[in-house]
1. Could you please give the count of residues in the stretch 69-86 that are over 18 Å from Glu14 (Cα atoms) and β-branched (Val, Ile, Thr)?
2. Considering the stretch 92-105 alone, what residues qualify as being surrounded by fewer than 19 Cβ atoms within 10 Å (Cβ to Cβ) and either among the charged types (D, E, K, R) or under 21 Å from Val57 (Cβ atoms) (or both)?
3. Given the options Thr45, Thr108, name the one that is within 15 Å of the chain's Cα centre (by Cα) and surrounded by 15 or more Cβ atoms within 10 Å (Cβ to Cβ).
4. Residue pairs, Cβ under 7 Å, 6 or more apart or interchain, first in the stretch 102-127 and in contact (Cβ under 8 Å) with a residue 12 or more places away in the chain, second crowded, with 17+ Cβ neighbours inside 10 Å and acidic (Asp, Glu). List them.
5. When residues of the stretch 51-83 are filtered for being farther than 26 Å from Arg119 by Cα and touching a helix residue (DSSP H, G or I) at 6+ places or on another chain (Cβ under 6 Å), how many remain?
6. Applying the selection to the stretch 25-42, what residues are over 11 Å from the mean Cα position of the chain (by Cα) and either among the charged types (D, E, K, R) or under 17 Å from Val135 (Cα atoms) (or both)?
7. Where residues in the stretch 48-74 are of a type in the set (A, V, I, L, M) and under 15 Å from the mean Cα position of the chain (by Cα), which of them is surrounded by the most Cβ atoms within 10 Å (Cβ to Cβ)?
8. Kindly indicate the residue of the stretch 8-35 that is crowded, with 17+ Cβ neighbours inside 10 Å and not in a strand (DSSP E or B) and also modelled with the lowest pLDDT among those meeting that condition.
Amino acid sequence: MNLDDIPITTTTGESTTLGAFDGVRLIVNVASRCGLAPQYEKLETLQKTYGDKGFTVLGFPSNQFLQELSTDEAIQEYCSMTWGVTFPIFEKIRVNGRNAHPLYKELTKTPDVNGKSGRISWNFEKFVVTPDGTVHRFSPRTEPDDPAILKVIEASLPAPTQ
């Protein structure tokens, strides 16, 4: 399955696909009540730094670890009011198991730096999808501004036009 063709739904109920977001995409399963929630701040910094250069952070809330708010509206409000999030947040989804969202069924086929593929281990697992469709997987504890993530993002951005 081509990642760009996978349907996704915004917190406001609008249907779209991953392909609607051109360039480099950083996909993150987020949770508002997680101890890693302060990563929202660094995710937003990445969005502000690279957003006009062909990069987008895409947040996918999940309550599979029992740390997300109950409604999409509450999640959106928390993200914008607490962390100033401007990047797209999508409807709450499942990231593991039989009923995992098709996006995560595809993403989790990608191994991390230790060669481990499969289940999402925790909130804030990160996937950088480059324009050519290559997926790079990073653990939840890897900060969004980690040099390994920045290297993939910067190497995959389109060259600036003169």
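The values are calculated or read from the model by the stated rules, or taken from the named source; none is laboratory data. Keep in mind it's a predicted model, so treat the numbers as computed, not measured. Cβ: placed from backbone, ideal geometry, glycine included. Neighbour counts: every protein chain shown.
1. Going through the stretch 69-86, the residues over 18 Å from Glu14 (Cα atoms) turn out to be 69-70, 78-85.
Then keep just the ones that are β-branched (Val, Ile, Thr); that gives 82, 85.
Of the residues in that region, 2 qualify.
2. Going residue by residue through the stretch 92-105, those that are surrounded by fewer than 19 Cβ atoms within 10 Å (Cβ to Cβ) are 94, 96-99, 102, 105.
Of everything in the stretch 92-105, those that are surrounded by fewer than 19 Cβ atoms within 10 Å (Cβ to Cβ) and either among the charged types (D, E, K, R) or under 21 Å from Val57 (Cβ atoms) (or both) turn out to be Arg94, Arg98, Pro102, Lys105.
3. Values: Thr45 fails: surrounded by 15 or more Cβ atoms within 10 Å (Cβ to Cβ).
Selected residue: Thr108, the only one of Thr45, Thr108 that is within 15 Å of the chain's Cα centre (by Cα) and surrounded by 15 or more Cβ atoms within 10 Å (Cβ to Cβ).
4. Close Cβ pairs (under 7 Å, with a partner that is crowded, with 17+ Cβ neighbours inside 10 Å and acidic (Asp, Glu)) do not exist here.
5. Residues of the stretch 51-83 farther than 26 Å from Arg119 by Cα: 51-54, 73-74, 77-78, 80-83.
Next, from what is left, pick out any that are touching a helix residue (DSSP H, G or I) at 6+ places or on another chain (Cβ under 6 Å): 83.
Selection size over the stretch 51-83: 1.
6. If the condition is that a residue be over 11 Å from the mean Cα position of the chain (by Cα) and either among the charged types (D, E, K, R) or under 17 Å from Val135 (Cα atoms) (or both), then Arg33, Glu41, Lys42 are the ones that fit.
7. First, the residues of the stretch 48-74 that are of a type in the set (A, V, I, L, M): 57-58, 66, 69, 74.
Next, from what is left, pick out any that are under 15 Å from the mean Cα position of the chain (by Cα): 57-58.
On the way: Val57: 28, Leu58: 21.
Per the criteria, the residue is Val57.
8. If we filter the stretch 8-35 for residues that are crowded, with 17+ Cβ neighbours inside 10 Å, which is where we start, we get 8, 11, 18, 21, 23-32, 34.
From the residues that got through so far, the ones that are not in a strand (DSSP E or B) too are 11, 18, 21, 23, 31-32, 34.
Numbers: Thr11: 87, Leu18: 94, Phe21: 94, Gly23: 95, Ala31: 96, Ser32: 95, Cys34: 95.
Among residues in the stretch 8-35 that are crowded, with 17+ Cβ neighbours inside 10 Å and not in a strand (DSSP E or B), the one modelled with the lowest pLDDT is Thr11.
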